[in-house]
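The values are calculated or read from the model by the stated rules, or taken from the named source; none is laboratory data. Not measured: the values here are computed from a predicted model. Glycine also receives a Cβ, built like all others from the backbone with ideal geometry; neighbour counts cover every protein chain displayed. Areas reflect the complete protein model, heavy atoms only, side chains present, ligands, DNA and RNA absent. Shrake-Rupley method; radii C 1.70, N 1.55, O 1.52, S 1.80 Å.
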Amino acid sequence: MDECIFCKIVKGEIPGFKVAEDAEFLAFLSIGPLKPGHTLIVPKTHSEYIFDANDQVLSNLLLFAKPVAKKLETTI
């Protein structure tokens, strides 16, 4: 199976402007932003569909996203 574009961004094979990162997630700016600061957050483990990820990953995603969103609010 070919890797998805998000896996390639996580691995650094495709450039992306990183906003935040930890061991489990990566936040980066969208190449087609709807508004300034439009940020995508992806788990570093591949999943075909976000809701195929286990519950702990989904919980951690929201906990990771909260401070990222708060920082963007004060930056943009």
| request: Report which label in (i) 0.96; (ii) 1.21; (iii) 1.09 holds the value of Rg/Rh (Cα atoms, Kirkwood Rh) derived from the coordinates of this structure. | output: (i)
| field | Two-site label geometry, Gln56 and Ser30: point separation in nm, points 7 Å out along Cα→Cβ | value | 3.1
| query | For the chain, what number of Lys pairs, 8 or more residues apart or on separate chains, have alpha-carbon atoms under 23 Å from each other? | reply | 14
| task | List every residue whose amide H lies under 5 Å from the amide H of Val19, counting only residues 5 or more places away in sequence or on a different chain, with H placed 1.01 Å from N in the peptide plane. | result | Ala27, Phe28, Leu29
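Carbon and sulfur together cover what percent of the accessible area of the chain at a 1.4 Å probe radius? Walk me through the intermediate numbers first.
Numbers: 3450 of 5660 Å².
Of all accessible area on the chain, carbon and sulfur atoms account for 61 percent.
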| For the chain: accessible area per residue (Å², 1.4 Å) | 74
